[in-house]
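All remarks here apply to the structure that follows.
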Amino acid sequence: MFSDIEVGIFIDELEEKIQVINDGLLILEREENNQETIQEIFRAAHTIKGSSGIMGYLNMTSLTHEMENLFDKIRQGDISVTSSMVNVLFEALDTLKALKDEVTGDGQPVDTSGVVAKIRGFVDGDAEKKEAAPAVSERQATANSSSQERQWIEIGEVEEIVLREAELRGFQSFQVAVDIAHDCQMKNVRAFLIFETLQQAGDVIKSVPGAEDIQEGKYDTGFQVLLVTKEDGDRIKNMVITISEVTNCEVQPVVLPGAEVFVEQPRSSEPGVKLPEIKEIKNGTANGNGDTLDKKATKTVRVDVNKLDNLMNLVGELVIDRTRLNRFAEIFEGRFGSDDLVESINEISNHLGQVTGDLQEQIMKARMLPVAQLFNRFPRMVRDTAQKLNKEIDFVVEGKETELDRNVIEVIGDPLIHLIRNAIDHGIEMPEEREKAGKPRVGTLLLKASYAEVT
């Protein structure tokens, strides 16, 4: 069983990834070939699949597995995005939210079979890949088999340090998964050749199973390694796939925290090899696709809002005591005049006042949240409402970075929903009416947040 803290962390990550998928689908509805958005949705579904599998939420794992398969085919160009597909994906997103509520105890058990079948239908609809779809279904049905479900290596703190150091020196990091033929008679020899090939290209940082087990042939039909190299992913794959009795090789870039992590693995995985020193590799080729790794990691920590409220109450007590101390210093100075003791008391009082004021300001800032957390709910709502009313609406959101106290954000949510729905229903005419009036068919709905001085 997992602790409440672990479940809480899972829910927080799940909500973030659901929002990523929601925003991506809205973009994809307008820009069917937006490869960056397709990749973001794929990664979000991949992350949810892995983390939900670890936590044991199999319905969620099954659903996101099918979503991942669909987006894998989309990004490879095997399937095109259609409006009906987006509608089904929004249905899948709503099902994910219902599954989240089921986990938190706020909802009822959810049947995912219907939406899973719909998603699988889009995959099976590709005539050229029709034989591959049943294999996916079979793999889903046997999700408890580690040989059927790919599990990537978990990146621990020590590995992360090594990988970050490697990045600074121009290296890339890859997860490499190798599958060996079922009837391979000399698995230890095959593993030795694979390791030797990979060591020519870079350094193996970790492996699952452990290096000793792999070299003794103690693995099923495949294993994974964590590799740092200056070669590109295609080059690594070609080097490995040419080895006899290697049936498949998957190479996936590792993106460290702060730039969308999507590597995960059950916690029961065996430890890997000891971390080697990163050595310079001659004749390596630098990668030109490392732009996402240049993002600066933002260090954050999740804090229960009740703790912030308690801190604010304690600061309030400090402010009261600061005022009392100021008054005491004035009385003391009036009775005894100005001397060293009085000056020391005044100095302490002034310094305490400055520190208390700064502390109060910082806690107030910690309670502030960007209105993006509220505004992000509305594009989907506008899209669904416009479809029901057969209206064409361009929803523009500005000022997402504007910050408000979290209590204010919670209070204004429902009134904003009411205002937006009224604007769609009564403020924007039907496309045909707009054209007759000389207006564009598409009406614009602007939601803007900004700071204003009150006089």
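The values are calculated or read from the model by the stated rules, or taken from the named source; none is laboratory data. Keep in mind that this is a model prediction, so the values were computed, not measured. Don't worry about glycine lacking a Cβ; one is built from the backbone with ideal geometry, like all the others, and counts go over all protein chains shown.
Key figures
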{"read-out": "Test for Gly258: is it part of a loop (DSSP other than H, G, I, E, B), within 27 Å of the chain's Cα centre (by Cα) and at pLDDT below 85", "value": "yes"}
{"read-out": "Verdict on Ser84 being among the hydroxyl-bearing types (Ser, Thr, Tyr), modelled with pLDDT of 85 or more and surrounded by fewer than 12 Cβ atoms within 10 Å (Cβ to Cβ)", "value": "yes"}
{"read-out": "Strands (runs of 3 or more DSSP E) lying entirely in the range 344-455 (those with 1 or more residues that are more than 30 Å from the chain's Cα centre (by Cα))", "value": "443-448"}
{"read-out": "Residue ID - surrounded by the fewest Cβ atoms within 10 Å (Cβ to Cβ), chosen from residues in the range 87-101 that are touching a residue at least 12 places away in the same chain (Cβ under 8 Å) and among the charged types (D, E, K, R)", "value": "Glu91"}
{"read-out": "Positions within the range 195-222 being outside any loop (DSSP other than H, G, I, E, B) and touching a strand residue (DSSP E or B) at 6+ places or on another chain (Cβ under 6 Å), in sequence order", "value": "Leu198, Ala201, Gly202, Asp203, Val204, Ile205, Lys206, Ser207, Val208, Ile214, Gly222"}
{"read-out": "Residue within the range 36-51 that is loosely packed, with under 15 Cβ neighbours inside 10 Å and over 16 Å from Glu91 (Cα atoms) present", "value": "yes"}
{"read-out": "Candidate set from the range 222-252 (those that are surrounded by fewer than 17 Cβ atoms within 10 Å (Cβ to Cβ) and of a type in the set (Val, Ile, Thr)); member that is farthest from Glu196 (Cα to Cα)", "value": "Thr247"}
{"read-out": "Subset of the range 59-90 (residues that are in a loop (DSSP other than H, G, I, E, B) and among the aliphatic types (A, V, I, L, M))", "value": "Ile79, Val81"}
{"read-out": "Candidate set: the range 193-221, residues that are surrounded by fewer than 19 Cβ atoms within 10 Å (Cβ to Cβ) and of a type in the set (S, T, N, Q); chosen: the one farthest from Glu159 (Cα to Cα)", "value": "Thr221"}
{"read-out": "Scan of the range 152-194 for residues that are basic (Lys, Arg) and within 24 Å of Lys230 (Cβ to Cβ), ordered by number", "value": "Arg164, Arg169"}
{"read-out": "Flag if Leu352 is surrounded by 13 or more Cβ atoms within 10 Å (Cβ to Cβ), farther than 21 Å from Arg30 by Cα, touching a residue at least 24 places away in the same chain (Cβ under 8 Å) and not assigned by TED's automatic domain parsing to the domain that holds Leu325", "value": "no"}
{"read-out": "The range 317-329 residues that are of a type outside the set (Phe, Trp, Tyr), paired with ones that are exposed (fewer than 11 other Cβ atoms within 10 Å of the Cβ) and modelled with pLDDT of 85 or more (beta carbon under 7 Å, 6 or more apart)", "value": "none"}
{"read-out": "Every pair of residues 6+ apart whose Cβ atoms lie under 7 Å, when the first sits in the range 422-440 and is surrounded by 17 or more Cβ atoms within 10 Å (Cβ to Cβ) while the second is part of a helix (DSSP H, G or I)", "value": "Ile424/Val382; Ile424/Thr385; Ile424/Ala386; Ile424/Leu389"}
